[in-house]
Each structure stands twice: as structure tokens, then as C-alpha cells.
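Colleague: Sharing a structure below in C-alpha cells format, with a few things to ask.
The values are calculated or read from the model by the stated rules, or taken from the named source; none is laboratory data. Not measured: the values here are computed from a predicted model. As a convention, Cβ positions derive from the backbone with ideal geometry for all residues, glycine included, and neighbour counts pool all protein chains shown. The protein model used for the area step is the full one, side chains on, heavy atoms only, and it has no ligands, DNA or RNA in it. Shrake-Rupley method; radii C 1.70, N 1.55, O 1.52, S 1.80 Å.
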Amino acid sequence: MRISVHIIATMWLYAGRLFQWLHQRQYVLISKAVCAHQVHSSSTGFTDSCYNGLYPGHIHTTHIQKAMLAVGSGVAALHDPYRHDMVAVLGEATGHLALINLRDKMRNDPEGYTILKERPRIRLSTLDLSEMASLPDGSFGREYLRFLEDNDVTPDSRADVRFVDDEELAYVMQRYREVHDLLHTLLGMPTNMLGEVAVKWFEAAQTGLPMCALGAVLGPLRLSTSRLKLLFTSLGPWALRNGHRARCVLSIFYERRWAQSIEDLRQELNIEPPPVIVRATEKRNT
Amino acid sequence: MAASMRLLLRRVIRLSHRYNNVTAAGVSARSGCCWAPSTCRCFSDVAGDRSTHFGFETVPETEKAKRVYKVFENVAQKYDTMNDVMSLGIHRLWKDMLLHAMHPQPGARLLDVAGGTGDISFRFLEYARSQQERQKRRTARSMQTPSSQDISNNYFTEDEDTPQESRAVVCDINKEMLNVGRKRADSMGISAGLSWVVGNAEELPFDDDQFDIYTIAFGIRNVTHIDQALQEALRVLKPGGRFMCLEFSKVTNPVLARIYDAYSFQMIPVLGEVIAGDWKSYQYLVESIRKFPDQEEFKYMIEDAGFYCVKYNNLTGGVVALHSGFKL
């Protein structure tokens, strides 16, 4: 009697495990099927988005690997400043504490909290360019569009986050990257070296990301003397001052504020207008 | 009584494992076909949908070749730099050792499969050239006091020297890799006796009995059906021809094995990301090494294909193995 109960129990156990295993296989299959779709439809081709990660594109790295990535990408970025992917990797490998700080700031702000919940993305596909072009001059959306045209940039050139080991922090990092261009508009800085360094100083003061700090320190090394003087006398102190006193720029739902006047937005964020007009045409001389 | 029941159950579970692997491949192929324009896969259920490994991942066999192609297309530009960095330059020694073992005679015809950027072929032509020069010097030394008969003989034998020229054919499935190889050849000034052919190791675009030597260096682990590649190698070699394969293999020493594993999985993808901007391709490369059969098993595979006198040498403690076999 006891033996037969024992047998039935064992069979039940095995049956249960079998069912569980089959169920898991199903999930793997479904995810692999979704994977196949993403592999076929993604433009980059060889991005196996669901292969073992917390979010699409996530790659697990150990602490040693992160350290090596930080050193390697730092050297590579210094060697060839046009390797934006290396700057991005450096940011991800070194930014853990700063990202936690930023995320907490966002959570404590009601608008920032909404952003963390809704996860908006700034891409050409999500922006309505014709509507933004019809907005009046001086509005945030119109100025942003003007910035994109004058400097010949697109919001789609931001690399995806890969090495951040938390899904929410990865979104914060992605948001930081996508807000960078909007910061250029808010601060009135073009994408030449001087403008980029000014924005980096602002970001370093605002976010505390080590990558921004590094960029802020090493960027000026490539500037000419006249621009260095401009940076250290007026632009630099302005950027630092505003970085500290401004509201957290990641907590603003920019996508809902295109019609707002840019002066209004600056006042709301506690940012002074730039002391010097830096023109985009200066790119040729830098 | 309970034990035999458990044994029976285990067998049932194992059977269901196998069944699910087959249906799994079928389901994934069916869902894949909904997105892809080709519809023929929808109708072939179990027959054409066997799966194979792509690194540590499992993919349908039909997909592996495409994904391997993509990997090498991405890494082609930085391939040689990465080889030097990853192996700390030791890959040059491995390839030199292959050439020394080969010891090609002048006039030999080489087929370098998965030859990509041409490392083996360049070394082959250099070796053949230096052999020829050594021979010329030797004949010159022995002919320092020639008789008039010898001088007149020389005029006739000079014409026979040209057919002795060695020729190398670099065959690779990936056009990007061949392009990089051709550019290298041009910059090194090597062009005589070298040709570049696009081809699949499983289905070579050559007639039977064409080549004296067949080499495949660090390429055979990327082939979907290794046995087919070995069959093709047997086919295109002349009787007496030699098959030589350099490939990453199992490290015999346990201490070295642990260091090698740590280096492969920790360092190499990082190097791939920093230098080539491609973590995933180099992750695939180190995983594919682990999936390749070890020295003995590969030796059996070569013997199964019909080669004789199959031997292997371990280089760098088993990190790389050099397998060799003859077609008789």
C-alpha cells in the first residue's frame, strides 16, 4: 500500500517536472520566435535581442570585464574621438552610481516619475516633424528642429545601451543620451567642439556621470587658445553654475512641451540664457 | 519495484526531450517563415529543420551559414589586427609551423579553404619562392666551373623552370574577407600564382583531383556540416595529396585550460568591443571553439572521410591542433 503510494507520488513528481520543462521550452520557443522576428526586422541585422538579457541588446558583464571595458574604451576614445561608440561604452561601464542618483532624482519628481513609467523615446519615427515645423519661432519644438537642421544631426544616431545591468537604469542612460541634443537647444550651443565641451561641463555638473567629467576635462585640450579663453572666462562658469542650479533635465517630458516657448522652459528649469552666442559655422575653424 | 519504475520514467522523459527538440525546431522555423518572404519552409516540417549550434546558441541549420557570414562580414576589416591582439602575435607562429610541416615543393598547387585574408597562401608563396631561390643558388654554386656542354644544357632547362611555379587558390565563402585579402596582397606586391575564389567548403567549385595540398586554417569550426567539407577535401585532392587543418582544440593541461577559459570569455569579447566595436561576433568566436570536437574525435572524423595516416600535433599546449591526412 505504502509502496504504491510512493510510486504514484514519484510519478506525479516526474510528471510535474516534465510539464514544467515543457512549459519552459514553450517560453523559450516563443521568445526565440520573437527573436527571429526582431533579427529579421532590425536594421542592424546581427543583434540577437532576446538572447539572455534584461532588455533588448543587454550583454552580461562581470566586474572585471566592466573595468577592462572602461579602460579600453577610454583609451580608444582618446585615440580616436570620432568613436562615439567608445564614449558610450565608457559611460555605461563607469556610470552605475551616477545613474542610481539620477533615477532617484527622477522618482522624486512627479514629471520624472511619469517618464520612468511611460518610457518615451526620442526618435525620428516618434516625432511629428511637420507639426513641429509649423510651430512659431521661439517655441521649443521649432528651435529644436532648427538645431537639427543647422548642425546636420539626427536623433537616431544614439547607440543603444548594452552594459548597464539594470533595466530601469538602462532606460535612464538611454534617456540621458536622447536628451543630449535637446540640451544643446536649451543651452543654445552648436555641435562644434566648443559647444560640445560647454554642454559636457553642464552635464557633468548636472548628472555626475564620470564619462561627462572625463569629457569635460579632456575636451578643452583640443580647443584653440581663443576658444579656451572664451570657455574659461564666460561659457565654462556659466555652464557649471547652471548645471548645479538647474532642475534635473531628465525629469522633463520634452515630448509634451514642443509648443512651449524656449524662454519659458529655460525659466522653469532655472537656466540662464547663454552669455555668448556660439555659431554653428565656427565648426570649420575648430 | 520503485527503482524500475523510475528508470522507465527517465526513459520516457529522455524520449520526450528528443521529441521536443524536433518540434521546437519546427515551431521556430514556422514562426520564422511568417516574417521571411520565403514560404517553402512552412511546408517542410521536420525534414529540413534540424538544428545545430551557433556558439552556445541553438539555431536551425539553414540559418547558421547566414549568421556566420554576417559575423565575418562585420569583423573583416579588423580581422588581422584582432588576430594579433587576441593571440599576442602567436597565430603567426602557428601558421609558420603549418608551413614547415607542409614543406611544399616548388610547383605544388595549394587550395586554401576559408583562406579569407590570405595568411596561409602568402606564406606558401613566400616559402615556395625561397625554396626556388635556394635551389637556384645551389645549382649556381655547383655550376661555377661549367663545361660548354653544361652551358648549352642550361639554355634548354631554363624554359622548364616556369611550369615549376607554385600556385595558390584562396577560397572563402565571404566576399568581404576576400576583398581584404586581395588588398593585402596588392600592398605586399604578391600577385603571381595567386587566385581568389568565392566558394563554400561544403560544395567546392573545383573539379576532382586538382590540388596537391588542401589547407583550412581556423575555418572548419564555422562550417555547418564538417563531414561534407571533409568529403569535398578528399574529392579535390590529387591521389597522394595532403589535407592539413589548423584549428583551436581542447587544452590538455588543466591549469592552462582554466587560464585559457578565463582569457577567452573575459578578455576576448572586451577586446572585440574596444577594437572592432563588435562584442557579439567575438563572443560567437570563443563559443564556437568550445563546440568544436576535440583532437581525437576530429581525427576520427577525418579518417571516416577516407583519409589515411591521419595524425595531429598539439601546439601551445593544445590551444591549437594541427591535423594532417593523406589521400591515397
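Colleague: Whole Å is fine, so just give me how far the alpha carbon centre of region B:230-304 lies from that of region A:154-207.
Modeller: 41
Colleague: Follow-up question, since we're still on this one. Could you tell me the relative contact order of region A:174-286? Use alpha-carbon pairs under 8 Å, at least six residues apart, and round to a whole percent.
Modeller: It rounds to 36 percent for region A:174-286.
Colleague: Need the list of lysines near B:Lys250 for cross-linking: C-alpha distance under 21 angstrom, and skip anything on the same chain fewer than eight residues off.
Modeller: Here the lysines satisfying the reach criterion relative to B:Lys250 are B:Lys95, B:Lys291, B:Lys299, B:Lys311.
Colleague: Follow-up. Based on the Cβ-Cβ distance from A:Leu218 to A:Glu268, what FRET efficiency comes out when R0 is 22 Å, to the nearest 0.05? Present the calculation step by step, with values, prior to reporting the outcome.
Modeller: Details: r = 32 Å, r/R0 = 1.47.
Working from the Cβ atoms, E equals 0.10.
Colleague: Something else about it: Against the globular-protein guess of 2.2 N^0.38 Å, express the Cα radius of gyration of region A:165-268 as a ratio, rounded to two decimals.
Modeller: Details: Rg = 14.1 Å, N = 104, 2.2 N^0.38 = 12.8 Å.
Expressed relative to 2.2 N^0.38 Å, the Cα Rg reads 1.10.
Colleague: Here's a follow-up. Provide the gained length on full extension for the span B:Arg184 to B:Leu328, in nm with one decimal, where the gain is 0.36 nm per separating residue minus the Cα-Cα distance.
Modeller: Working: separation 144, 0.36 × 144 = 51.84 nm, distance 3.55 nm.
Length difference between fully extended and current span is 48.3 nm.
Colleague: Which cross-chain or sequence-distant (5 or more) residues have an amide H under 5 Å from the amide H of B:Asp278, H modelled 1.01 Å from N in plane?
Modeller: B:Glu273
Colleague: Threshold 50 Å², probe 1.4 Å: give the residues of region B:257-273, in number order, that are less accessible with all protein chains present than with their chain alone.
Modeller: Relative to the lone chain, where solvent access is computed with a 1.4 Å probe, region B:257-273 loses at least 50 Å² at B:Gln266, B:Val270, B:Glu273.
Colleague: To continue, here is another question. For A:Asn101 paired with A:Gln260, estimate the spin-label separation in nm (one decimal), with each label point 7 Å from Cα along the Cα-to-Cβ line.
Modeller: Here the modelled spin labels are 2.4 nm apart.
Colleague: Report the calculated FRET efficiency for A:Asp160 and B:Glu165 (r = Cβ-Cβ distance, R0 = 56 Å), to the nearest 0.05. Display every interim value, and only then the final one.
Modeller: On the way: r = 52 Å, r/R0 = 0.93.
In this case the efficiency is close to 0.60.
Colleague: For region B:66-82, in order, what is each residue's ³J(HN,Hα) by Karplus, 6.51 cos²θ - 1.76 cosθ + 1.60 with θ = phi - 60°, in whole Hz (x at glycine and Pro)?
Modeller: Per-residue couplings from phi come out as 5, 5, 5, 4, 4, 4, 6, 5, 5, 8, 3, 5, 9, 4, 5, 4, 5 Hz.
Colleague: On to the next question. Which parts of region B:271-310 would a label at B:Arg50 reach, counting a residue when its backbone N lies under 17 Å from a point 7 Å out along Cα-to-Cβ?
Modeller: In region B:271-310, the label zone of B:Arg50 (backbone N under 17 Å from the point 7 Å along Cα→Cβ) covers B:292-293, B:301-302, B:304-305.
Colleague: Between A and B, buried accessible area summed over both sides at probe 1.4 Å, in Å² to the nearest 100?
Modeller: On the way: alone 16340 and 18290 Å², together 31440 Å².
Summing both chains' loss of accessible area gives about 3200 Å².
Colleague: To continue, here is another question. Taking each pair of different alpha-carbon atoms in region B:277-328 once, compute 1/r for the pair, average those values, and report the inverse of that mean as the Kirkwood hydrodynamic radius in Å to one decimal.
Modeller: Working: mean 1/r = 0.0797 Å⁻¹.
Computed over region B:277-328, the radius equals 12.5 Å.
Colleague: Can you list the residues, at least 5 places off or on another chain, whose amide H is less than 5 Å from the amide H of B:Trp196, using H built in the peptide plane?
Modeller: B:Val170
Colleague: Here is a follow-up. At a Förster radius of 35 Å, what calculated FRET efficiency corresponds to the Cβ-Cβ distance of B:Leu88 and B:Lys175, to the nearest 0.05? Please list the in-between numbers first.
Modeller: On the way: r = 30 Å, r/R0 = 0.84.
For R0 = 35 Å, the calculated efficiency reads 0.75.
Colleague: Would you work out the relative contact order for region A:94-214, in percent, from Cα pairs under 8 angstrom that are 6 or more residues apart?
Modeller: That works out to 30 percent.
Colleague: A further question follows. Please state the relative contact order of region B:194-328 as a whole percent: Cα pairs under 8 Å, 6+ residues apart?
Modeller: Values: 206 pairs, mean separation 39.0, N = 135.
Here the relative contact order equals 29 percent.
Colleague: Measuring from label point to label point, each 7 Å out along Cα→Cβ, what is the B:Val197 to B:Thr58 span in nm?
Modeller: Each label point lies 7 Å from its Cα, and together they span 3.7 nm.
Colleague: Take B:Gln135, project a point 7 Å from its Cα along the Cβ direction, then tell me which residues of region B:81-122 have their backbone nitrogen under 16 Å from it.
Modeller: In region B:81-122, the label zone of B:Gln135 (backbone N under 16 Å from the point 7 Å along Cα→Cβ) covers B:103-110.
Colleague: Now, a different point. Just add up the charged neighbours of A:Leu250: K/R +1, D/E -1, any other residue whose Cβ is under 15 Å from the Cβ of A:Leu250.
Modeller: +2
Colleague: Quick one: what are the phi-derived ³J(HN,Hα) couplings along region A:244-251, Karplus 6.51/-1.76/1.60 with θ = phi - 60°, whole Hz, x for glycine and proline?
Modeller: Rounded to whole hertz, the list is 6, 8, 6, 5, 4, 5, 7, 8.
Colleague: Using a cut-off of under 19 Å, list every residue of region B:230-251 whose amide N is near the label point 7 Å from the Cα of B:His100 along the Cα-to-beta-carbon line.
Modeller: B:244-248
Colleague: Sticking with this one: Would you mind checking which residues have amide H under 5 Å from B:Ile173's amide H? H placed 1.01 Å from N; only 5 or more apart, or other chain.
Modeller: The list, which skips near neighbours in sequence, is B:Ala114, B:Gly199.
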